[in-house]
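Read the figures in this text as sums done on the coordinates, not as results from a lab. Computed from a predicted structure; not experimentally measured.
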Amino acid sequence: MTLDGTENLFGSTMNIARMIQEDIFEQFGIPCVVGIGDNKFLAKVVIRLLKFNLQNQETLNTGLFAVHN
C-alpha cells in the first residue's frame, strides 16, 4: 500500500509498519513481514530478499525491511 500523506496521522512508515504487524498478529495470531521502499517495486524486492537471506537474525526478529534510494 502507499503511505503518502499518512505521517501526520500515524507517524513514520516504520511506525505504521509496526502497527500493521501488531494488528495482524493480535487479530489473527500470525506473524508477518513488511517491506518498505521508495516505491512498490522496491518494497516487493525487499520481501523477496528475505527469502534468500534467512541468516540475518536482526531483520528476521523485527520483521521490518526498508530500502531507500
Segment Leu9-Val45, length gained on full extension (0.36 nm per residue, minus Cα span) | 10.3 nm
What is the gain in length, in nm to one decimal, between Gln27 and Met1 on full extension, counting 0.36 nm per residue of separation less the C-alpha to C-alpha distance?
-> 7.4 nm
